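The values are calculated or read from the model by the stated rules, or taken from the named source; none is laboratory data. Remember, predicted model here, so these are calculated numbers, not experimental data. Positions of Cβ are backbone-derived with ideal geometry, glycine not excepted, and every protein chain shown enters the neighbour counts. Surface areas here come from the heavy atoms of the whole protein model, side chains and all, with no ligands, DNA or RNA. Shrake-Rupley method; radii C 1.70, N 1.55, O 1.52, S 1.80 Å.
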Amino acid sequence: MKLQTICALVALTFATVFAEQICAADYPERNVTVVVPFPPGGASDVTARITSSKLSERIGKSVIIENRAGANGGLGAAGVKSVAADGYTLLIGSIGVYAINPVLYKNLKYDPLKDFDLLSLLVRTPNVLVTSPDFPVNTAADLIAHLKKNPNQVTFASSGIGSSDHLTAALFWQKTGTSGVHVPYKGGGPAINDLIGGHANASFQNLGAVAQHIRAGKLKALAVTGDKRAAALPDVPTAAEAGIADLVVYSWQGAAAPKGLPADVRAKLESEIVAAVNSPDVRKQFSDIGFDVVASNGTQFTEFLTGETQRWKKVVEAGNITAD
């Protein structure tokens, strides 16, 4: 190889490294959009708003929330898949978006493991069995007895077909030998509003999205699906304590970007998002509403998601659950 060619290659290598350093130093040069694939008010929306506020402080640019609801988060997720992989459009979504939709929908227009760069598993929270304030039960045992006397008459609201609240209700019916009427909404916010208004009877909502409503007396909490009592609701029994075995379910929220981020941009996003969620004031905000901070990196999130997808595939198949 000629000396001139070697020099040119060396120069190109140094130029590339220098360009990457410049890119990392300059990112972001404009505002960042975080797509939440559900309406305002649900757990994904709450997680995105708390995280994005701190992320904005850290990166020195506005982080704008954009709610794109539909198809249990599938509509917004598919939209994020299709945009430029430049770090200016992110996705914050739920267990349903990442782990359940792929095993529930036959013609899903995205694959979480192939179409996204997974950045961080942000938080997790158990679901909590709640009823509307005037529904005539006060304990999980009361509800089970009521369901057995009134099969297929009690409505269970969820944030959508295939959401963790939907599948938790299905598991609850299987474990207790009861049945109910599943009423899917286009997100947790509308479902919660109808529960508060008495237009739906019961639900397994993400604790982080309803803790404030429970404390305010707008919803009644009967049990949490964690393996221990939730610090945010210490007086509410676990499902096991309430007599329901093998009903441990955690919902979670994760951040991702379109596949193919420049390596330096991806590294910066991962570190800044993790630092934002781990900030003491943010951890307290999440703790106060019942979320446990996880703040994993992208590699850990990918490994976790692979296992979660297999777990929920078994649940969907055992329950013969379909997205009609």
Discussion item. Based only on Cα atoms, what mean projected area does the convex hull of the chain have, in nm²?
Written reply: 18.1 nm²
Worksheet item: In straight Cα distance, which lysines are under 29 Å from LYS268, not counting same-chain residues fewer than 8 positions off?
Response: LYS54, LYS61, LYS81, LYS109, LYS114, LYS259, LYS284
Response to the item:
Filtered hits (aspartates and glutamates, Cα-Cα < 20 Å from LYS175, offset >= 8 within chain) -> ASP142, ASP165, ASP227, GLU241, ASP246, GLU317
Worksheet entry | Listed residues GLY42, VAL183, GLY87: farthest to the positive end of the dipole of the chain (Cβ charges) | VAL183
Worksheet item: Working from the pairwise distances between different alpha carbons, so that the mean of 1/r is found and then inverted, what is the range 173-234's Kirkwood radius in Å?
Response: 12.8 Å
Discussion item. Using the crude model of +1 on Lys and Arg Cβ and -1 on Asp and Glu Cβ, and no other charge, please compute the dipole size for the range 216-302 relative to its Cα centre, in debye to 20.
Written reply: 180 debye
Worksheet item: How high is the relative contact order of the range 25-138, given as a whole-number percent (alpha carbon pairs under 8 Å, six or more residues apart)?
Response: 27 percent
Worksheet item: How large is the accessible surface per residue of the chain, computed with a 1.4 Å probe and reported in Å² as a whole number?
Response: 44 Å²
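When only Cα pairs under 8 Å and 6 or more residues apart are kept, what is the percent relative contact order across the chain?
Value for the chain: 26 percent.
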Worksheet, complete the sentence: Of the candidates GLN212, VAL137, VAL97, the farthest towards the positive dipole end of the chain (Lys/Arg Cβ +1, Asp/Glu Cβ -1, centred on the Cα centre) is VAL137
Item to complete: Taking the dipole about the Cα centre of the range 117-254, with the C-beta of Lys and Arg at +1 and of Asp and Glu at -1, give me whichever of LEU118, ALA245, ALA223 is farthest to the positive side.
Response: ALA223
Fill in: chymotrypsin sites (Phe, Trp or Tyr not before Pro) lying in DSSP loop within the range 78-169, provided at most 15 other Cβ fall within 10 Å
none
Discussion item. Let's see if you can work this out: charge +1 on each Lys and Arg Cβ, -1 on each Asp and Glu Cβ, no other charges. What is the dipole magnitude of the chain about its Cα centre, in debye to the nearest 20?
Written reply: 260 debye
Worksheet item: In square nanometres, what is the average projected area of the Cα convex hull of the range 234-305?
Response: 6.5 nm²
Worksheet item: Using Cα-only point scatterers and the Debye equation, what is log10 of I(q)/I(0) for the range 70-149 at each q in 0.16, 0.24, 0.26 Å⁻¹, rounded to two decimals?
Response: -0.72, -1.12, -1.26
Worksheet entry | Pairwise Cα inverse-distance average, inverted: Kirkwood Rh of the range 203-324 (Å) | 16.9 Å
Worksheet item: In the chain, carbon and sulfur make up what percent of the accessible area (probe 1.4 Å)?
Response: 53 percent
Item to complete: Starting with the highest mean, order 281-289, 44-52 by the number of other Cβ atoms within 10 Å, averaged over the residues of each peptide.
Response: 44-52, 281-289
Item to complete: Report, in debye and to the nearest 20, how large the dipole of the range 105-239 comes out about its Cα centre when Lys and Arg carry +1 and Asp and Glu carry -1 on their Cβ.
Response: 140 debye
Fill in: Spin-label pair ALA318/VAL181, simplified geometry with 7 Å Cα→Cβ offset, distance in nm
2.8 nm
